[in-house]
Amino acid sequence: MSTDWRLYLVTDPRLGGGRDAVPGIVYEAVRGGVGVVQFRDKECEDEEFRRRTRAVAEAARRAGAEVGRAVPVFVNDRLAVARELGLHLHIGQQDTPPAQARAELPDELMLGLSIESGAQLATALADPAVAPDVIGVSPVWTTTTKTDTADALGPGGADRIARAAHARARGIRAVGIGGVGPANVAELAATALDGVCVVSAIMAAADPRAAAADLLARWDRARRADRG
């Protein structure tokens, strides 16, 4: 079954009201239309991280089964946990080297990589054997959710990176992250991005299911208008 990249949720326990709340938010968000989930918790100890990853993966599985689609779950950075639990892996530029991640991940698992510039993309795609399956193009706009990022790319910059990725590597997907929310998601639907990643727009929402449905509807309307 193909992956629906249009709306990708990255979790944040602080924005979600605490770690215990995260699986429930993921469940509701998938019910609302989220097609991919990344579990991110930078301050969690390894054993607790493993336990909470399992809970999020189970929430995504249950919700996905109810709405009739498989929802891939990515683990942020922690290669050993991804490998142990049979989940996909997303890494940043300062995390596990892509070659190591590819060597240690089973072939059926996807690798995501954060990309902030054309130069980083060229490096990531130089060796097809270790190229990522999906890139997180970031930051599109300035965001307070993640502070260790490069200058904002804007929709134009994100579009250029997505187009370059599609041209250089067959089947690679590109999603935009950084400051994405209801007010601007439509701007990205007019680019070559395959979808958007959001954090606070869903994690901090009073109704995560409704927030996800609204974001997806805005993306779909704008993309139909752009390509119709």
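The values are calculated or read from the model by the stated rules, or taken from the named source; none is laboratory data. All of these numbers come straight from a predicted model, not from anything done at the bench. No Cβ is skipped: glycine too gets one built from the backbone with ideal geometry, and neighbour counts run over all protein chains shown. When the accessible area is computed, the model is the full protein with side chains, heavy atoms only, and any ligands, DNA or RNA have been set aside. Shrake-Rupley method; radii C 1.70, N 1.55, O 1.52, S 1.80 Å.
Solvent-accessible area per residue in the chain equals 45 Å², computed with a 1.4 angstrom probe and all protein chains kept.
Sites listed here are GluC sites (Glu not before Pro) in segment 1-103 whose DSSP assignment is loop and whose Cβ has at most 16 other Cβ atoms within 10 Å: GLU43, GLU45.
Summary value for the chain: 22 percent relative contact order, contacts being C-alpha pairs under 8 angstrom separated by 6+ residues.
The gain in end-to-end length when the ALA122 to ASP151 segment is fully stretched comes to 8.6 nm, 0.36 nm per residue minus the alpha carbon separation. Looking at segment 91-199, the trypsin sites (Lys or Arg not before Pro) that sit in a DSSP loop and have at most 11 other Cβ atoms within 10 Å of their own Cβ are ARG170. What would the Debye equation give as log₁₀ I(q)/I(0) for segment 1-66 at q = 0.21 Å⁻¹, counting only Cα atoms as equal point scatterers? Log10 I(q)/I(0), no solvent term: -0.81. Extension gain for GLU45 to ALA183 (0.36 nm times residue separation, less C-alpha to C-alpha distance): 46.1 nm. Can you pull the percent of segment 13-169's accessible area that's carbon plus sulfur, 1.4 Å probe, other chains left in place? Summing carbon and sulfur atoms, their accessible area is 48 percent of the total for segment 13-169.
Between VAL67 and GLN100, the contour length at 0.36 nm per residue exceeds the Cα-Cα span by 8.4 nm. For the chain, a crude dipole built from +1 on the beta carbon of Lys and Arg and -1 on the beta carbon of Asp and Glu, taken about the Cα centre, is about 660 debye to the nearest 20. For segment 1-61 versus segment 65-141, the spacing of their alpha-carbon centroids is 16 Å. Considering all different alpha carbon pairs of segment 1-156, the Kirkwood hydrodynamic radius works out to 16.1 Å.
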